[in-house]
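Beneath this line is the structure, given in structure tokens, with notes to follow.
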Amino acid sequence: MVVAYRRDEIPELRGPIGFVPTMGALHAGHESLINASVERGNRTIVSIYVNPSQFAPHEDFSRYPRTLEADLAMASACGASVVYVPSSEEIYPRKDISVLVEGALGTRWEAAVRPTHFSGVATVVLKLLNIVSADEAFFGQKDLQQCQVIQSLIDLLFLKTKLIVSPTVREIDGLAMSSRNRYLTEDERKTAPLLHESLFGCWLSIKSGSDISHSLDSARQKLIEAGFTIDYFSMVSLPDMESTLSITNSASRAALIAAAALGKTRLLDNVVW
Ligand code: AMP
């Protein structure tokens, strides 16, 4: 056991700290974030915490996969210095202070379907960034709106942590890796890569000059025919994530974002210009 009064008294944590917050059930997507942190020369702290405040009462909090032993092995194999597995008593001793996410980020897209989700995410991330004193924090592009929320949290609360966004890691057939993919039935798993295919196809057709509205509609139609229930399939400007149907100038960034369910499983994906 190490008894320490300051972080730099723990040899494993001497130097810049890279932080990878996760909810566990680690897969190659998480692995890529840990690798990115280690490769940038950070002492890397991985947190594993299924954060209750980002789940609505009807969501999958209690059945969210928990695979701690395998997670510890994976984090250690990737070169993480510390795995932090806090309890809810530690993170939420009281519930009288939390972060409110408003505006387009807090009301559109994921937030329209999951109204309290990003306030829960921002609250836990703020707590964790402070607990681990992160110099850099690593998040996946797969959760694009989450990345914009965290960047706003950092900017608007004057946090010192730098956000690093890592590209989405995919299965061989293109499906974005996710801890929730294990909920898909065999048939749904076969259909699932169509979400990425449609986003990518739509991106190509817009890039080659096709009408944006028409390209979005035909991609949506294909997904519906394949059995998806679409929450949104849209083009947005970045970083504000406002809906757009134009790419105004070469400096402005845009993304195609999608969330769609197959049976009971919601899948998220995006393509960023
Ligand atoms: P989660 O455990 O689902 O909360 O995810 C923890 C972090 O891993 C978040 O920053 C996610 O965006 C990121 N992540 C999840 N899946 C992927 C993926 N397929 N590729 C890259 N990053 C991912």
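The values are calculated or read from the model by the stated rules, or taken from the named source; none is laboratory data. Remember, it's a predicted structure, so these values are computed and weren't measured experimentally. Positions of Cβ are backbone-derived with ideal geometry, glycine not excepted, and every protein chain shown enters the neighbour counts. Just so you know, the surface numbers come from the protein's heavy atoms only, side chains and all, with ligands and any DNA or RNA stripped out. Shrake-Rupley method; radii C 1.70, N 1.55, O 1.52, S 1.80 Å.
Relative protection proxy for 164-172, 254-262, from highest mean packing down: 254-262, 164-172 (other beta-carbon atoms within 10 angstrom).
Bridge orientation summary for the chain: considering DSSP beta bridges with both residues in this region, about 55 percent are antiparallel. Extension gain LYS207-GLU90, at 0.36 nm per residue separation less the Cα-Cα distance, in nm? Residue separation times 0.36 nm, minus the Cα-Cα distance, leaves 37.3 nm. For the pair the stretch 199-273 and the stretch 134-184, the centres of their Cα atoms are 18 angstrom apart.
Report note on the peptides 106-116, 228-238: ranked by the mean count of other C-beta atoms within 10 Å, highest first, their order is 228-238, 106-116. Note on SER246 and ASP173: the model spin-label points, each 7 Å out from Cα along the C-beta direction, lie 4.0 nm apart.
Given their separation in residues at 0.36 nm each and the Cα-Cα distance between them, ALA112 and HIS58 gain 17.9 nm when the chain is fully extended. Between LEU156, ALA36, ALA259, the Cα set farthest toward the positive side of the dipole of the chain (charges on each charged residue's Cβ, about the Cα centre) is that of LEU156. Computed over protein heavy atoms with a 1.4 Å probe, the carbon and sulfur contribution to the accessible area of the chain reaches 55%. Using only alpha carbons, the chain has a radius of gyration to Kirkwood radius ratio (Rg to Rh) of 0.97. Using a/c under 1.5 as the rounded threshold, could you call the stretch 127-273 rounded, prolate or oblate? The axes a ≥ b ≥ c are square roots of the C-alpha gyration tensor eigenvalues, and prolate needs a/b larger than b/c, oblate otherwise. Oblate shape, in that a/c is at least 1.5 and b/c is the bigger or equal ratio. For the stretch 1-153, the solvent-accessible area with a 1.4 angstrom probe is 48 square angstrom per residue.
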